[in-house]
Amino acid sequence: MSEKISRREFLQRGTAAAIGLTVVPNTILGKSHAHIAPSDKLNIAGVGVGGMGNANLRNMERTDNIVALCDVDWDYAKDAFGRHPQAKKYRDFRKMYDEMGKSIDAVLVATPDHTHAIVAANAIAMGKHVYVQKPLTHTVYESRLLTNLAKKYQVATQMGNQGASSEDSDLVCEWIWNGEIGEVTRVDCATDRPLWPQGLNTPTERMPIPWGLGGPEGWDLFLGPAKYRPYNRAYHPWDWRGWWDYGTGALGDMACHIMQVAFKSLNLLYPISAEGCSTPLFPDCAPNAQHVKITYPARKKFHKVNMPQVEIHWYDGGLLPEFPKGWEAGKSLMREGGGVTIFHGTKDTLVCGCYGQKPFLVSGRVPKAPQVERRVGTSHEQDWIRACKESPENRVPTKSDFAFSGPFNEMVVMGVLAVRLQGLNRPLQWDGLNMRFTNIGENEELNLKQTEMKVIDGDPKMTTIDHKVNAMAYAQELIKHTYREGWTLPDMPTF
Ligand SMILES: NC(=O)c1ccc[n+]([C@@H]2O[C@H](COP(=O)([O-])OP(=O)(O)OC[C@H]3O[C@@H](n4cnc5c(N)ncnc54)[C@H](O)[C@@H]3O)[C@@H](O)[C@H]2O)c1
């Protein structure tokens, strides 16, 4: 972005408009992207590189240039920073876009879940390709926005659910499409997570901000669009995933890996209803265990198989689905990677691990289905780099490009909605196109019944406190967050 445009202006006017004055990306002019030959190197910027982002960088840096790195915690990110002395370092992605927008081709986003959308959406609106960690976004609205922005700006995209690029995931789809298990009316998915603390009261202690964050400004940048709260070690680093303001609990953490094969093989789009239940809900922290049921309407026949209405079930925190018929006694349901997906078909049952790993039929039969899916052969990251270098007209989409992973992520965050709205005590009817529930009355109250736990003389005491809110407004806020002042998303494109 030109130094002539201030960060404030950049945010107020929207990135696309601002950048249009200076760089004039080809997409904004309705032309194809300036082409990057496969032999040329991409200039990649990484945002959030202290954890998984660092692993993603390793799979990108061996072939392409890492030109800029942005992380709010320069201590936590020191490994990535140290490996890339040539990359310019930032704490604030907005400043990085301001200063280096012209020289960046693509952005890797691996911040906590609540900042994926704002970092990625503003990059896309500048015509940058994006690789965004899973879950793609924190809300349904943000998923829809990224899907539509990617379509408008014709950039190469990939959500970081790496199992989508595996041959095992391809096999699951091919077996189902070839009719190997018949029609699927129910899928059970489970994870052994959370492995981090959940089901907690909100910390009241104000802890010193770690030096790596560089002071209160660094913590404020971590919070980004979320409301202000003082720093506590319970949030950063890594444990943020259990707190609703930043993460999405065990479901958001693992469903993108475990449900991917279901969403793809069954050609799902928008659900018609969702319901959830859990161990006690805390005001700010995800519960220890959850069960969610999401229902999809019948879809068109695909390849050889009919696609009737289907229920997708999610279990975490130690809850498990029933053993399928014919399951071998003594064999654990939990498969490779601490997850399982079970497709109940009219002819057989297909089971695979997390990331679609090692699929098999419960009958023991080994299917032989024609190959119809492209095999990736490299890595999830390298496949995205390949797509970045192809022109939009001829681009072979990545396995988790936003046209797929955007609607898929809506399913994942719908699970969060179902759990957080469980106090309405009904299956929530969903109008996917308009992103709204249709069976919540305008003046209806939702009692969030927040539970507080105190240990008094070694005895745990649970108190339930009534907390009544307008149900419709509460649901709407979960579907589309109100961002803190100074943090804005580009407008939703219309087609
Ligand atoms: N695909 C996978 O297998 C996989 C595995 C782990 C994590 N993840 C995903 O990766 C993302 C990051 O998770 P993690 O485990 O690496 O967490 P983490 O806390 O270990 O790392 C997050 C990094 O982002 C930085 N950060 C936080 N807010 C920032 C901001 N506003 N701007 C710039 N940097 C910021 C933090 O300082 C830290 O370095 C999450 O969305 C998570 O779900 C994916």
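I'd like to know if region 285-297 contains one or more residues that are over 30 Å from residue 463 (Cα atoms) and within 11 Å of the ligand (Cβ to nearest atom). Looking through region 285-297, none of the residues is over 30 Å from residue 463 (Cα atoms) and within 11 Å of the ligand (Cβ to nearest atom). Of the residues that make up region 247-262, is at least one hydroxyl-bearing (Ser, Thr, Tyr), in contact (Cβ under 8 Å) with a residue 60 or more places away in the chain and crowded, with 23+ Cβ neighbours inside 10 Å? Checking region 247-262: at least one residue is hydroxyl-bearing (Ser, Thr, Tyr), in contact (Cβ under 8 Å) with a residue 60 or more places away in the chain and crowded, with 23+ Cβ neighbours inside 10 Å. Name the residues in region 224-249 that are at negative phi, within 11 Å of the ligand (Cβ to nearest atom) and not charged (D, E, K, R), would you? Correct list: 225, 226, 235, 236, 237, 240, 246, 247, 248. Which members of region 86-104 meet the condition of being in contact with a helix residue (DSSP H, G or I) (Cβ under 8 Å, 6 or more places away or on another chain) and of a type in the set (D, E, K, R)? Answer for region 86-104, where residues must be in contact with a helix residue (DSSP H, G or I) (Cβ under 8 Å, 6 or more places away or on another chain) and of a type in the set (D, E, K, R): 88, 89, 91, 92, 94, 95, 98.
Would you be able to tell me the number of residues in region 73-112 that are among the acidic types (Asp, Glu), crowded, with 23+ Cβ neighbours inside 10 Å and within 20 Å of residue 220 (Cβ to Cβ)? Residues flagged as among the acidic types (Asp, Glu), crowded, with 23+ Cβ neighbours inside 10 Å and within 20 Å of residue 220 (Cβ to Cβ) within region 73-112 amount to 1.
Looking only at residues in region 43-72 that are assigned to a loop (DSSP other than H, G, I, E, B) and away from the ligand (no atom under 12 Å from the Cβ), the one that is surrounded by the fewest Cβ atoms within 10 Å (Cβ to Cβ) is 62. Within region 301-311, the presence of a residue that is assigned to a loop (DSSP other than H, G, I, E, B), β-branched (Val, Ile, Thr) and either out of contact with any helix residue (DSSP H, G or I) (no Cβ under 7 Å at 6 or more places or on another chain) or within 13 Å of the ligand (Cβ to nearest atom) (or both) is excluded.
Against the condition surrounded by fewer than 21 Cβ atoms within 10 Å (Cβ to Cβ) and not aromatic (Phe, Trp, Tyr), how does residue 356 come out, does it pass? So residue 356 does not fit the description; no.
When region 435-471 is filtered for residues that are within 28 Å of the chain's Cα centre (by Cα), under 30 Å from residue 407 (Cβ atoms) and touching a residue at least 24 places away in the same chain (Cβ under 8 Å), the ones remaining, listed by number, are 435, 436, 437, 440, 446, 448, 469, 470, 471.
The residue pairs whose first member lies in region 208-227 and is under 22 Å from residue 113 (Cβ atoms) and part of a helix (DSSP H, G or I), whose second member is near the ligand (Cβ under 10 Å from one of its atoms) and basic (Lys, Arg), and whose beta carbons are closer than 7 Å, counting only pairs six or more residues apart or on different chains, are 218/91; 221/91. Kindly indicate whether any position in region 153-169 is closer than 23 Å to residue 489 by Cβ, more than 15 Å from the ligand (Cβ to nearest atom) and assigned to a helix (DSSP H, G or I). Yes; the residues of region 153-169 include at least one that is closer than 23 Å to residue 489 by Cβ, more than 15 Å from the ligand (Cβ to nearest atom) and assigned to a helix (DSSP H, G or I). Annotation: residue 142 fulfils all but one of (1) within 14 Å of the ligand (Cβ to nearest atom); (2) closer than 18 Å to residue 53 by Cβ; (3) of a type outside the set (S, T, N, Q); (4) touching a residue at least 60 places away in the same chain (Cβ under 8 Å); the unmet one is (2).
We did not get these values from a lab; they are worked out from the coordinates using the rules stated. Remember, predicted model here, so these are calculated numbers, not experimental data. Please note: Cβ atoms are built from the backbone with ideal geometry, for glycine as well, and neighbour counts cover all protein chains shown.
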